[in-house]
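Structure, as C-alpha cells:
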Protein chains: 2
Amino acid sequence: MSRDGSSTRERILDAAERLVIDNGFAATSVDRVIADASSSKGAFFHHFQSKNDLAKALVERYAAADRAHLDEAVAHVRALDVDPAGRVLAFVELFERGADELMSAQSSCLYVSVLTERDLVNSGTTADIEPAITAWRDQLSRLLSEALPEEGTVDTDALADHLFVTFEGAFILSRATGDKAHMRRQLHVLRQLLTSLLARPHAASARAPKARFNP
Amino acid sequence: MSRDGSSTRERILDAAERLVIDNGFAATSVDRVIADASSSKGAFFHHFQSKNDLAKALVERYAAADRAHLDEAVAHVRALDVDPAGRVLAFVELFERGADELMSAQSSCLYVSVLTERDLVNSGTTADIEPAITAWRDQLSRLLSEALPEEGTVDTDALADHLFVTFEGAFILSRATGDKAHMRRQLHVLRQLLTSLLARPHAASARAPKARFNP
DNA sequence: GTTGTATCAGACTGTCTGGTCTGCTGCACT
DNA sequence: AGTGCAGCAGACCAGACAGTCTGATACAAC
C-alpha cells in the first residue's frame, strides 16, 4: 500500500467502477481501466488475479457501500420522533431528496452492469449482490410491518422490494431518456403511493375485473 | 428471402436477441450468433452492415413488438365495461397475469442489455427505445387522468412511467435473486398501491417530516 | 443457354484483448 | 552494505474478435 491517500488498487477500482457502470463490464478493457487509473498492466495483475476478480472486488466494495448507506438511513429514520408510517415515508423521502445528487455522481447502478453478463452471475462473481438486496428488503419490511398492523393484507417483503425495484427501474428509465430527474420523480411517486396505502391499508386487496389477456 | 417460414435474417435476429438479453451485447460474438442460428459469416454480413447494425435491427423489432403489446392491452381494457379506475387496475392486472409466462420466455429485457453500453446509446443505435417508452407513458397517463379527475394532485406522467420502472426493476431483481416470480409479485404490489391511490387521490400529497440526510 | 442478382459459405486478415513474464525500484530489516 | 520482497512498469504472446473477400448456388428474366 502506498503512502498517499489513494492506493493504486483504489484508483483502479475507482476508474473501473465508472467505466463498468457507463459501458458495461465486457465493453470495459483492462487497458482502458489502467489508462484511466494512470496505472499499468503489471500493477493491475498484481492486485487482481483476473478481470473477473476485478468484477468481484468491484461488487464487494459497491455492495458494502450500499449496505452502509442503508444502515445509515434506517438509523436516521428510527431516531425520528414520528409514528411508524411516518418513518416509512421519511425513509423514502430521504432517498428522494438525495436522488439528484446520486444521479449526478453516477449514471446507473453497478448491479445492472454486472447482472447483465450471465457468466459473471453463474461464476458467483456477483454473489454479494443478493445479500445486499435482502438487507434492504428486511430493513424496510420491518419498518412497513410496524406501520401496517393488519397482518395478511400486504406482503411487506414484496412491498419492501419495490423500493429496490424503483431504484433500478429509474436508472434504466434515465438511461433510455437521458433525463436524470426521473430518479427523484419516481421516488416521489413511490412516496405518494405509499402515503395512500398507509392511510388505508385495509383497502389493499385489489378488486379483480374479469380481464383476460392473450399476447 | 427464403421460402420457408423463418428467413435467415429472422433466425439470426432470434438467436441474437436471446444471446444479447442473456449475456449482454458486447459479450455476444457474431460467431456465436451465427452458430446458434445455423448460419454463416457471409449470411450475417449480407443482412447486417455491422454488429452495431444488428443491435439497431434488434431494438427496432423489439420496440415494435413492445408497442404492439401495449396497443393490444389498451384496446382490451378500453373495451371493458368498468369505470376509469377499474380500467387502470385491469391494465396492470393484465401484465400481472402474464408475468410468469413472460419471465419463462425471457430472462430480462433487451432494453437493459443495450442501454448498458454507452456507445450504442451515443451512436443512436437505441433511438427506438425512447418513443416506445413514451407510448407507454402517454397511454397509461391518459387512463390515469381519466381515473384521477382532481388535477394537479398527481403527476400522471410520472405515475405512468412507474409501470415501466416496475417492469425493468423487476427484471433486475429477478436476475439478482434468480427468482422469476418477482415480476408477478412486483406488478401485484403496484396494483395494490394504485388501488389505494385511486380510492383516495386527494391524499396523494405526502406529508414531509423534517428529515435531513447527508450520505 | 446466358446473364444477372440475391443469398449464402467459409477461409482469411488485421486489430484488440486478457493474461504472462522479466526486470526495475524503493523500502524494511538485519 | 547486503538481502528480501511488495509494488510496479511495459514488452510480449496466443487467442478471439469484427469485418473482408472470393466464390458457389439457386433462381428469375429473356
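The values are calculated or read from the model by the stated rules, or taken from the named source; none is laboratory data. Please read these numbers as outputs of a predicted model, since none were measured by experiment. Positions of Cβ are generated from backbone atoms using ideal geometry, with glycine treated the same way; all protein chains shown enter the neighbour counts. The protein model used for the area step is the full one, side chains on, heavy atoms only, and it has no ligands, DNA or RNA in it. Shrake-Rupley method; radii C 1.70, N 1.55, O 1.52, S 1.80 Å.
Residues in the stretch A:103-117 that are crowded, with 18+ Cβ neighbours inside 10 Å and either of a type outside the set (S, T, N, Q) or over 30 Å from A:D53 (Cα atoms) (or both): A:M103, A:C109, A:L110, A:Y111, A:V112, A:V114, A:L115, A:E117.
Here A:D31 meets each of (1) under 22 Å from the mean Cα position of the chain (by Cα); (2) not in a loop (DSSP other than H, G, I, E, B) with one exception, condition (1).
Candidates are the residues of the stretch A:40-84 that are in a loop (DSSP other than H, G, I, E, B) and either within 12 Å of another protein chain (Cβ to nearest Cβ) or more than 16 Å from DNA strand C (Cβ to nearest atom) (or both); the one that is nearest to A:E146 (Cα to Cα) is A:D83.
The set of residues from the stretch B:28-45 being open to solvent by 30 Å² or more (accessible area, probe 1.4 Å) and near DNA strand D (Cβ under 8 Å from one of its atoms) comprises B:S29, B:D31, B:R32, B:K41, B:G42, B:F45. Of all the listed residues (A:A64, A:A73), the sole one being open to solvent by 10 Å² or more (accessible area, probe 1.4 Å) and either outside the structural domain of A:V30 (by TED's automatic domain parsing) or over 20 Å from A:I21 (Cα atoms) (or both) is A:A64.
Of note, B:D53 does not satisfy the criterion of being of a type in the set (D, E, K, R), surrounded by fewer than 16 Cβ atoms within 10 Å (Cβ to Cβ) and touching a residue at least 24 places away in the same chain (Cβ under 8 Å). Would you confirm whether or not the stretch B:174-186 contains a residue that is more than 7 Å from every other protein chain (Cβ to nearest Cβ), crowded, with 16+ Cβ neighbours inside 10 Å and at pLDDT below 95? No; the residues of the stretch B:174-186 include none that is more than 7 Å from every other protein chain (Cβ to nearest Cβ), crowded, with 16+ Cβ neighbours inside 10 Å and at pLDDT below 95.
B:A26 meets all of the listed conditions (1) within 14 Å of DNA strand C (Cβ to nearest atom); (2) more than 8 Å from chain A (Cβ to nearest Cβ) but one, namely (2). With respect to (1) of a type in the set (V, I, T); (2) assigned by TED's automatic domain parsing to the domain that holds B:T166; (3) touching a Phe, Trp or Tyr at 6+ places or on another chain (Cβ under 7 Å), the lone exception for B:I34 is condition (2). With respect to the conditions (1) under 28 Å from B:W136 (Cα atoms); (2) within 16 Å of DNA strand D (Cβ to nearest atom); (3) not in a helix (DSSP H, G or I), B:A15 falls short on a single one, namely (3).
For the stretch A:147-167, the set of residues classified as modelled with pLDDT under 95 and open to solvent by 30 Å² or more (accessible area, probe 1.4 Å) consists of A:P149, A:E150, A:E151, A:G152, A:T153, listed by residue number.
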